[in-house]
Amino acid sequence: MQQRRRALCSKVRNQRNHVVPLVFPRGGFMSGNSSSCNQNIYVVDNDKRYRDEIRALLVRVGYKVQVFACAEDLLERYDGEPVPACIISENALPGMSGLDLTRELRLRNISSPVIILTRQSDVATAVKALRNNVSDYLVKPFVERDLVNRLRVAIEVGL
């Protein structure tokens with residue numbers, strides 16, 4: 001349990017400048033609301049641990065989640081229904097990258113918002129992401145609240 005929190009959460013400084021881990025109680029931002037109910041989210045990550053943790057987080061918030069180990073799996077299994085409310089994809093995937101996946105989705109006229117996850121935050125990749133109509137770009141490890149909030153914004157705004 002402790003490792004799971006470390007994997008997805010970062011630490012912040014409180015008012016007394018002490019470093020504290022972010023832990024979220026049941027309820028608050030983590031509770032599902034009517035806007036998240038029954039929305040399909042696709043998660044693409046070759047790291048099973050991250051896939052499972054993101055799935056658990058999003059299910060807890062109220063989304064329906066399908067996970068894929070690689071971009072090709074998503075493209076093979078996706079038959080057009082239901083249209084995902086959002087796709088969250090690691091960028092550094094074996095085979096097709098998250099940015100390549102986004103490009104292919106756009107070629108297939110799938111306009112679902114895409115959030116790219118990456119371990120490396122460099123300007124060149126961020127610029128490529130923006131040019132490929134990526135909705136957001138998040139560096140791992142991330143704070144759970146940030147992912148949920150960015151997901152909600154991406155869905156609200158659309159592409």
message: Let me spell it out: the conditions are (1) modelled with pLDDT of 85 or more; (2) crowded, with 18+ Cβ neighbours inside 10 Å, and ARG108 meets all of them except one. Which number is the exception?
response: (2)
message: I need the full set of residues from the stretch 63-84 which are modelled with pLDDT under 90 and open to solvent by less than 30 Å² (accessible area, probe 1.4 Å), in order please.
response: GLY80, PRO84
field: Scope the stretch 117-138; condition farther than 18 Å from ARG106 by Cβ, among the hydrophobic types (A, V, I, L, M, F, W, C) and open to solvent by 50 Å² or more (accessible area, probe 1.4 Å); matching residues
entry: VAL123, ALA124
message: Can you name every one of the helices (runs of 4 or more DSSP H) wholly within the stretch 74-159 that holds 2 or more residues which are of a type outside the set (Phe, Trp, Tyr) and within 19 Å of ILE41 (Cβ to Cβ)?
response: 98-107, 144-157
query: Hey, any hits in the stretch 88-95 for a residue that's surrounded by fewer than 18 Cβ atoms within 10 Å (Cβ to Cβ), modelled with pLDDT of 95 or more, more than 18 Å from ARG106 (Cα to Cα) and not acidic (Asp, Glu)?
result: no
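The values are calculated or read from the model by the stated rules, or taken from the named source; none is laboratory data. Just so you know, these numbers come straight off a predicted model, no measurement behind them. No Cβ is skipped: glycine too gets one built from the backbone with ideal geometry, and neighbour counts run over all protein chains shown. Keep in mind that these areas ignore ligands, DNA and RNA; they rest on the heavy atoms of the full protein, side chains included. Shrake-Rupley method; radii C 1.70, N 1.55, O 1.52, S 1.80 Å.
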